[in-house]
Each structure stands twice: as structure tokens, then as C-alpha cells.
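Every read-out reported here was derived from the displayed coordinates using simple, explicitly stated rules and does not represent laboratory data. Small disclaimer: the values here were computed from a predicted structure and weren't measured. Glycine also receives a Cβ, built like all others from the backbone with ideal geometry; neighbour counts cover every protein chain displayed.
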Amino acid sequence: MKPSFAIFCTTALLMGGCGSSNRMGSLEKTLEGAVIDHNGNAVNASYALNTNHLLLYFSAHWCPPCRAFTPELVKFYNQNNGGQLFQVLLISNDHTDQEMQAYVRGAKMPWPAVVYHSEARKILNNHYSGQGIPRLVLLDSAGEIVADSFKGKTYLGPNHVLEELAKLLDERERDPAGLSKATGAPLATPEKFKRLYKIDGFGSGAAGNMAFINGKVTQQGAELDTGVVVENITGTYVEISFEGNRYRLKPE
């Protein structure tokens with residue numbers, strides 16, 4: 001997708017550097033006690049940072065391009081396992097806390113935010129913000145900047161950052177080793193497993209749920225191949241594990 005916004009709202013934010021302090025450990029210290037979920041409840045900083053990809057979202061309700069872009073970000077978040085494969089953290093540039101809360105509710109933002117009246121919000125604005133909003137800054141698990149809505153003084157737009165994140169998520173789906181070890185969540189199932197193991201249906205018996213895999217009755221705990229173990233069987237999918245990661249297989 002091409003960046004859809006060539007305009008942005010100017011702000012009074014200060015430019016910040018990109019030195020060694022841009023590390024996830026330092027960011028966690030900065031955010032400790034200053035993060036709320038989308039319902040306004042206080043959460044630990046790890047709620048936002050326990051991810052391989054973090055999007056810092058600088059935005060405000062008074063900014064028309066922000067209001068236009070936010071629904072796109074919400075859609076991207078919901079369609080691409082936001083909160084699991086990546087996280088968004090709102091850093092508001094609204095005029096008041098009440099405006100920020102109304103913006104979050106009205107736009108149905110499902111991600112956490114930095115507390116409005118916090119030193120963390122000021123620090124992040126000073127450190128990462130550029131000449132305008134909406135701005136997305138994509139950080140990796142080490143806190144390094146991977147993509148930014150600004151390149152120098154040139155505004156590339158927030159969709160530029162989403163394009164870069166989409167590429168990373170595609171790469172992760174093709175070679176997802178290690179992701180579920182970090183998140184504890186099932187991964188997108190590689191095509192090779194879909195080809196090797198066909199789910200023909202489900203059943204139940206005295207021993208519990210069963211699945212018909214490649215025409216054979218299979219129960220939980222069965223080893224389909226060397227290192228490929230059936231961990232769970234529901235009425236809609238089979239969860240297998242391989243090399244510490246978990247994947248879900250569904251009937252075609």
C-alpha cells in the first residue's frame with residue numbers, strides 16, 4: 001500500500017536524538033507506572049513492550065490527518081494480530097487528558113497509551129517526535145528504530161511504516177521460529193505443515209477429543225512425525241508443536 005497522507009499537523013514537539021538510550025530496557029524504565037490499557041486501567045510497562053515490534057503512535061484528535069489515519073491503523077491492528085505479533089503505544093498530543101480519553105474511545109483504539117500527565121509522555125515526545133503528526137515510529141525488540149514516518153525533514157507518512165511492519169510480519173510467517181517462545185501464542189501455520197497434515201474431521205471418545213489427520217484417528221499427545229506432537233484438539237482445530245513453537249491446523 002502507498003502512503004495515503006501527504007499532509008500532517010505541525011506540533012511544538014522537540015526533536016530528539018537516536019543514540020544508545022533508544023533501548024528497550026531504558027524505554028521500559030521510562031514507561032514504568034505510566035502505561036494504561038485502552039480502558040484507562042493502569043498496566044505494567046511490559047504490557048506494551050513484550051513484543052518483537054512496537055509502534056509508537058504520536059497522534060491527536062485535533063489533527064484531521066490523524067483522525068483520518070487512525071481507523072486505518074485500527075483495521076491493520078485487528079487484521080494482523082495486533083497485541084500478539086506487534087503492539088501499538090499511543091503518545092497523545094491532545095490538549096488535555098479528557099481529549100485523549102475521548103479520542104481513544106471514539107476511535108475504538110484497542111492498544112495501550114502513555115499516561116497523559118506523565119514525564120514519560122514528555123520524554124517520548126522529545127526523544128522520538130519530529131515536525132508533525134500523525135507519526136509512527138517502529139522499534140524492534142532491542143528498541144532500535146526500524147522505520148519512521150519522517151526521513152530527516154521529509155515526511156513519508158505513517159503508511160510507510162505500516163508497509164515496513166507488514167514486510168516483517170510476512171517474513172515472520174514464512175520463518176516464525178522463536179515467536180511463540182516469546183509470546184506463548186500460537187503462530188501462523190507454515191504452508192509445509194498444511195500440506196503434510198490434512199485435518200479431515202473431529203470426534204470424541206472415552207479418551208477425549210480426537211481428530212482425523214491424514215485419514216487416521218489421532219489423539220492428544222500423538223507424535224505425527226519426529227518432533228511434531230499433537231498438543232491440543234478442539235472441535236475446530238488441532239494444535240501441534242514443533243521445536244518449541246505451536247501451530248494450529250484446521251480443516252480445509
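Given their separation in residues at 0.36 nm each and the Cα-Cα distance between them, Arg105 and Lys167 gain 19.4 nm when the chain is fully extended. Taking 25 °C and 0.890 mPa s as conditions, region 9-174 diffuses translationally at an estimated 157 µm²/s according to Stokes-Einstein applied to its Kirkwood radius (Cα pairs). With a Förster radius of 25 Å applied to the beta-carbon distance between Val43 and Glu243, the computed FRET efficiency rounds to 0.20. In terms of Cα atoms, the Rg and Dmax of region 191-249 work out to 10.5, 33 Å. Size descriptors for region 83-127 (Cα atoms only): Rg and Dmax, in that order, 11.0, 31 Å.
When a/c is below 1.5 the answer is rounded, else prolate if a/b is larger than b/c, else oblate, so apply that to region 67-144 with a ≥ b ≥ c taken from the square roots of the Cα gyration tensor eigenvalues. Cα axes put region 67-144 in the oblate bin. Computed from the C-beta positions of Lys216 and Ile145 and an R0 of 45 Å, the FRET efficiency is 0.35 to the nearest 0.05. What does the net charge come to around Arg105 if you take all other residues with beta carbon closer than 15 Å to its beta carbon, with K and R at +1 and D and E at -1? Computed value for this residue: -2.
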